[in-house]
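First comes the structure, then the notes that go with it.
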Amino acid sequence: MRNPVLVARTRQRLLTLQARNMTSAEQVTRSGGPVVSMTSFGERIATAHLALESIARGTARPSRLILWLDDASTVANPTPGLQRLIARGAEVLHTEDDGPHKKYYPYVQSIPVHRVPLVTADDDWLFPRRWLETLMSVHRTDQSTNTTHRARRIEMHGGIVAPYIDWKRIAAGPPSARHLATGGWGHVMVPKMLEALRDRRSEFRKSAPRADDIWLHRVAVETGTSPKSVGIYDHRQILHMPIGNGPTLASTNVDEAGNDHQVRSAWTSDVLRAITTEPAVSR
């Protein structure tokens, strides 16, 4: 059963965001910020504007705010909430159906030279006003590595990678190959990482088609951009937006047939060596 306080807080936040979406004329972007990108699908598209609106009302704004959809009809005829965001500077763009990889893949392929960090997030969360500000503030302490609001520590059993379900969430932590960014709450990827993702093109389709976090961690380790974790927010500040009754991506990935299978498929011996030989450091 969900915490009734969080239920009430979520309901109030939704009402506030919906009212803002219907009345605000304020631009959702500002020059000088990172690009923020997310994707949505199915019934979730009807509420995606609220996740975007929570970012748009932040103390820091992105230079671009993009929603990628594989539904061409919705791109051509967006929902009223998305139409109002588009009028204020958001972008709703069409892409192929690459599952969770849609949140970053079409963007990295669209830029010939990457100079601006990309921030990805999921469409079923409502973000606090300082979400982007705090993420980028920590990012600026070391702009050579990626940054995430939330991560898991890759656990070891007898010198080998343990099942994903045993990987513990960490609060804050420095850059480490043992820290896997769980990107739903916000994941900053640096230009070096974006260039590598662009050059690998659609390689993820064979090795990790449904586990973007697993694929992104491989590329982060290979490029020396493994993430540091901010770790200041929890479920009281980043609120989950309940959408329908179907399975979530997380529920289908956190099992033997999901992330564990894709770890074995995606992570090379060199990546596994880098992970297993690095101490688990967190603070």
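With in contact (Cβ under 8 Å) with a residue 40 or more places away in the chain and more than 17 Å from Pro34 (Cα to Cα) as the only criterion, which of Ser144, Ser202 stands out? The match here is Ser202. Within the stretch 212-239, being in a helix (DSSP H, G or I) and among the hydroxyl-bearing types (Ser, Thr, Tyr) holds for one residue alone: Thr223. For the stretch 146-162, check the following and say yes or no: at least one residue is among the hydroxyl-bearing types (Ser, Thr, Tyr) and under 26 Å from Ala60 (Cβ atoms). There is at least one residue in the stretch 146-162 that is among the hydroxyl-bearing types (Ser, Thr, Tyr) and under 26 Å from Ala60 (Cβ atoms). Among the residues of the stretch 24-45, is any exposed (fewer than 15 other Cβ atoms within 10 Å of the Cβ), part of a helix (DSSP H, G or I), of a type in the set (Gly, Ala, Ser) and in contact with a strand residue (DSSP E or B) (Cβ under 9 Å, 6 or more places away or on another chain)? There is no residue in the stretch 24-45 that is exposed (fewer than 15 other Cβ atoms within 10 Å of the Cβ), part of a helix (DSSP H, G or I), of a type in the set (Gly, Ala, Ser) and in contact with a strand residue (DSSP E or B) (Cβ under 9 Å, 6 or more places away or on another chain). Within the stretch 81-103, the set of residues being assigned to a helix (DSSP H, G or I) and not polar (S, T, N, Q) comprises Gly81, Leu82, Arg84, Leu85, Ile86, Ala87, Gly99, Pro100, His101, Lys102, Lys103. Among what's in the stretch 118-156 and is part of a helix (DSSP H, G or I) and of a type in the set (Ser, Thr, Tyr), pick the residue that is surrounded by the most Cβ atoms within 10 Å (Cβ to Cβ). Looking at residues that are part of a helix (DSSP H, G or I) and of a type in the set (Ser, Thr, Tyr), I get Thr134. Scan the stretch 224-231 and give yes if some residue there is modelled with pLDDT under 95 and surrounded by fewer than 24 Cβ atoms within 10 Å (Cβ to Cβ), otherwise no. Yes; the residues of the stretch 224-231 include at least one that is modelled with pLDDT under 95 and surrounded by fewer than 24 Cβ atoms within 10 Å (Cβ to Cβ). Restricting to the stretch 152-188, name every residue that is farther than 20 Å from Pro100 by Cα, touching a helix residue (DSSP H, G or I) at 6+ places or on another chain (Cβ under 8 Å) and not small (Gly, Ala, Ser). Listed by number, the residues that qualify are Ile154, Glu155, Met156, His157, Ile160, Val161, Pro163, Arg178.
All of Leu85, Leu67 fail the test of being touching a strand residue (DSSP E or B) at 6+ places or on another chain (Cβ under 6 Å) and touching a residue at least 24 places away in the same chain (Cβ under 8 Å), apart from Leu67. Look at the stretch 178-191: where a residue is more than 17 Å from Ile55 (Cα to Cα) and a partner is outside any strand (DSSP E or B) and among the small types (Gly, Ala, Ser), sitting 6+ places away or on another chain with Cβ atoms under 7 Å, you get Arg178/Ala280; His179/Ser226; Val190/Ser144.
The values are calculated or read from the model by the stated rules, or taken from the named source; none is laboratory data. Just so you know, these numbers come straight off a predicted model, no measurement behind them. Positions of Cβ are backbone-derived with ideal geometry, glycine not excepted, and every protein chain shown enters the neighbour counts.
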